[in-house]
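The values are calculated or read from the model by the stated rules, or taken from the named source; none is laboratory data. Keep in mind it's a predicted model, so treat the numbers as computed, not measured. Because the Cβ atoms are built from the backbone with ideal geometry, glycine has one as well, and the counts that use them run over all protein chains shown.
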Amino acid sequence: MKVGIVGASGYSGEVLVKLLLGHPQVTLAAVTSRSLVGKPLATVMPAMRGIDRGLKFVDSDLAALAATDIPLFFLALPHGTAAAYAKALVAAGKRVIDLSADFRITDLATYQKYYGEHHAPELLKDARYVLPELTPPAWKQEAKLVASPGCYPTSILPPLVPLLRAGLITREHIVVNSYSGVSGAGRKVDEAYLYVERAESSKAYKLMKHQHLGEIEEQLALLTGAPTVIQFNPHLAPMRRGIATTITVPAAKGATVERVYAAWREAYAGAPFVQLLTSGETPDTAHVTGTNRIDFSAVHDPRTGNFILTSAEDNLMKGAGGQAVQSMNLWCGFPETAGLV
């Protein structure tokens, strides 16, 4: 099956290029970038030399892309920009997997609160938010457009959702501290992301107003059946890629670590990209970099009565390009792990 990537020159786009060039069921047929038109893929991404199939970047022209015989496109574009491409490609009968935030939030008012004006609100009814391990499988028949989750939500929702569903934790006083590699900000020239600014430096940012908060809380409500408010504290860490998350949440009466793991095992039985570590063994971003896995574990603190849940993922793989390919595999009937292991 032919696939294309719109906006292939960013970090997530580069991961998609690598994964799709090596995917056994697809042929990468188009990579687009307005600033790189005509340049060979192997020149822009030297790591792809020898596997690039002679691809060159083409213009991100809406009408031209809609007129191709490519049935599925990945959008690796900034929020606000992706909506216009999704609108044209869906209208042309293409399947679209969007890595931006444009269709991750189903409630228009919530989207506007975090991102401003929505440029294709009429498509919200056709979009499905897909976190493969948690989203009910009906999306595969319903979706015209897949909204691929953000990197932070992917590190937070899988540990929390089964425990909220099972009543093992409270919905109050959930505190989430997440640490992201610098690539999470995208490929851009900004003084704050220069090597000398970020090396040996870590800090919190966007406290109380990070754009992923709306997505996280909406999905917690949709997936567990009740509104849930969290305290989300994102941090920038001096590493290229990876997300480490620590969630502190009060244990419900009678809840134990053994019951936490039982709920996780039931929820993720057969899930190839979830790894449950033993209680007391905390995940490490170094162990998930370059993989589509999320690792997590839990401990109980009898002094405070809290569970402490920890997770780790690669923000560019499970948090972006890898998860998008995982969704494509499920949507198109390929093996879930195709091209990812």
Taking the stated definitions as given, is Lys2 closer than 22 Å to Ala86 by Cα and basic (Lys, Arg)?
yes
In the set Ala263, Ala298, Ala312, the lone residue that is small (Gly, Ala, Ser), closer than 19 Å to Leu134 by Cβ and out of contact with any Pro (no Cβ under 7 Å at 6 or more places or on another chain) is Ala298
Whichever residue in region 293-336 is surrounded by fewer than 24 Cβ atoms within 10 Å (Cβ to Cβ) and among the polar types (S, T, N, Q) and, among such residues, is nearest to Ile97 (Cα to Cα)
Asn329
Within region 94-106, can you find the residues that are closer than 20 Å to Leu131 by Cα and surrounded by fewer than 24 Cβ atoms within 10 Å (Cβ to Cβ)?
Arg95, Ser100, Ala101, Thr106
Which condition number in (1) assigned to a helix (DSSP H, G or I); (2) of a type in the set (Ser, Thr, Tyr); (3) over 22 Å from Lys125 (Cβ atoms) is the one that Tyr85 fails?
(3)
When (1) under 30 Å from Pro227 (Cα atoms); (2) part of a helix (DSSP H, G or I); (3) touching a Ser or Thr at 6+ places or on another chain (Cβ under 8 Å) are applied to Pro78, the one that fails is (2)
Lone qualifier among Ala76, Ala91, Ala82, Ala109 - being surrounded by fewer than 16 Cβ atoms within 10 Å (Cβ to Cβ) and in contact (Cβ under 8 Å) with a residue 12 or more places away in the chain:
Ala91
Quick check on region 228-249. Is at least one of its residues more than 24 Å from Ser12 (Cβ to Cβ), exposed (fewer than 13 other Cβ atoms within 10 Å of the Cβ) and of a type outside the set (Val, Ile, Thr)?
no
Residue pairs, Cβ under 6 Å, 6 or more apart or interchain, first in region 1-18 and surrounded by fewer than 23 Cβ atoms within 10 Å (Cβ to Cβ), second in a helix (DSSP H, G or I) and at pLDDT below 95. List them.
Tyr11/Ser183
Residues that are closer than 19 Å to Met317 by Cα, at pLDDT below 95 and not hydrophobic (A, V, I, L, M, F, W, C): does region 67-78 have at least one?
yes
Selection count, region 258-283, where residues are more than 16 Å from the chain's Cα centre (by Cα) and in contact (Cβ under 8 Å) with a residue 40 or more places away in the chain
9
